[in-house]
Every structure is written in C-alpha cells, then in structure tokens.
Amino acid sequence: MSEYLKNKNESGFSLLEILVALTVFAFLALVATQSIFSTVRVSTKSASVVKIRGDVDYALSVIERYLHSAQSIAPCPLDDPGTVAFIDSQGSQTIFSCVTPGETGYLASGSARLTSETVAVTTCSFVCAPATGNTPASVTISVEAKDATKTGIDRGTVTTSTQIYLRNF
C-alpha cells in the first residue's frame, strides 16, 4: 500500500506549480493584449492624421492657387491675421479666413467651408509680406488642425505652414 501512495504523490502537479503556470500565462496574455491595443490605437491615430492632412492640404492648395494669380493683397501687412483679402485674376475681391479657430474652427473661402466638419482648425494665421525690390508679395499661412471626431490619445493633430508668392508682380 505504501508503494501505491508513493507513486500517487509523485505523479501530477502540485497546487503551487499550477498557480505559477497560471500566473505566467496571465502575464503573457496581459502583455499580448496591451500590444494589440497599442497597435490598434496607433493605427487609429495614423488614420486620423491622414484624414486631417488631406483636408488641410486641400484647403491650402485652393488658397495657393488663388493667391498665386492674385493681382494684389490689400492691406499688406494684414490688419487681421485671421483673414487675407485680395483682388483675384478677374478683378473681384476674394477673402480667405480662419473661422472661429478652436474646437469648431475651419478654413473658409468667403462663406464656403474649405475644411470638412470632421476637422477642427485650432489655430490659423495669415501673414502678408509686401513686395520689396525683385521679391513679390507673399503670404505665409500657418495652420494647426485636429480630428473633431476623436478625443484623447486617438486624436490626430497636424501642424503645417506654407509661404505663397504672388505671380502678378
């Protein structure tokens, strides 16, 4: 009978061994889960940044196209850094502006919205440098935009600045 008990005690796992194995597997599961969540978060933020960049690039390309062919900018330097008024190639006065920069801000051409409602322009400014010598007048545009549909760590932010020279000098 003692031979039976001796073999029974030697076979199987002790409670301590099972608890150690469960702890190790729980830790590995926690690390794997955190890695997956981190990857999803980075992917979401990256998609957010791509969306914002596309919106801001579109708005800046529209502004650039009009300012390149503008006849003049008046006044230069600008009275309001949130608005640039100019005479376009057809002789009409046109305005680009930063409308209520902040969580609901956007770039506008007159009253038309250039950035989508899913993008919030948080800061925006126009700076006009008058023509000097052989250098034509230029407008520097600085924009910071965020994803209006997301909050926290998933929220993408884009900051950009560009300088546009008038061709009609």
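Grab the DSSP H runs of the chain that are 4 residues or longer, score each as -39,500 (n - 2.57), total them, divide by all residues and round the 222 nm result to the nearest 500 deg cm²/dmol. Don't jump to the answer; show the numbers that get you there.
Values: 2 runs with 63 residues, N = 169.
Calculated mean residue ellipticity at 222 nm is -13500 deg cm²/dmol.
Once fully extended, how much extra length lies between ARG113 and LEU19, figured as 0.36 nm per residue of separation less the alpha-carbon to alpha-carbon distance?
Details: separation 94, 0.36 × 94 = 33.84 nm, distance 6.16 nm.
Full extension from ARG113 to LEU19 adds 27.7 nm.
Over what distance in Å are the Cα centres of region 28-52 and region 53-110 separated?
What the calculation gives is 36 Å, centre to centre.
For semi-axes √(5λ) of the Cα gyration tensor in Å, one of (1) 37, 30, 14; (2) 65, 14, 11; (3) 45, 16, 12 was computed from the structure I shared and the rest are decoys. Which label?
(2)
Percent relative contact order of the chain, based on C-alpha pairs within less than 8 angstrom and at least six residues apart?
Values: 275 pairs, mean separation 34.4, N = 169.
With pairs under 8 Å counted, the relative contact order is 20 percent.
Which of the trypsin sites (Lys or Arg not before Pro) found in region 115-169 are in a DSSP loop and have at most 14 neighbouring Cβ atoms, other than their own, within 10 Å? Before the final figure, lay out each step's value.
Values: sites: LYS146, LYS150, ARG155, ARG167; in loops: LYS150, ARG155, ARG167.
In loop regions of region 115-169 (DSSP not H, G, I, E or B), the sparsely surrounded trypsin sites (Lys or Arg not before Pro) are ARG167.
If each residue of separation counts as 0.36 nm, what is the full-extension length gain between ASN134 and ARG167 once their alpha-carbon separation is subtracted?
Roughly 10.7 nm would be gained on extension.
Are there GluC sites (Glu not before Pro) in region 24-119 that DSSP marks as loop and that have at most 15 other Cβ atoms within 10 Å, and which are they?
Passing sites in region 24-119 are GLU103, GLU117.
What angle do you read, to the nearest 10 degrees and between 0 and 90, between the alpha-carbon axis of helix 15-68 and the longest principal axis of the chain?
10 degrees
For a test of understanding, tell me how many lysine pairs in region 2-165 have Cα atoms under 21 Å apart, given they are 8 or more places apart or on different chains. Walk me through the intermediate numbers first.
Working: LYS45/LYS146; LYS45/LYS150; LYS51/LYS146; LYS51/LYS150.
Taking the Cα cut-off of 21 Å, the pair count is 4.
Any idea what the dipole of region 12-169 comes to, in debye rounded to 20, about its Cα centre with Lys/Arg Cβ at +1 and Asp/Glu Cβ at -1? Before the final figure, lay out the partial values.
Working: 10 positive and 12 negative charges, 47 e Å.
Here the size comes out at about 220 debye.
Explain nothing, just the number: dipole magnitude of region 82-151 about its Cα centre with +1 on each Lys and Arg Cβ and -1 on each Asp and Glu Cβ, in debye rounded to the nearest 20.
Values: 3 positive and 5 negative charges, 4 e Å.
The dipole of region 82-151 has a size of about 20 debye.
A short reminder: the numbers here are calculations on the coordinates, not readings from a lab. All values derive from a computational prediction rather than experimental measurement. All Cβ positions, glycine included, derive from the backbone under ideal geometry; neighbour counts span all protein chains shown.
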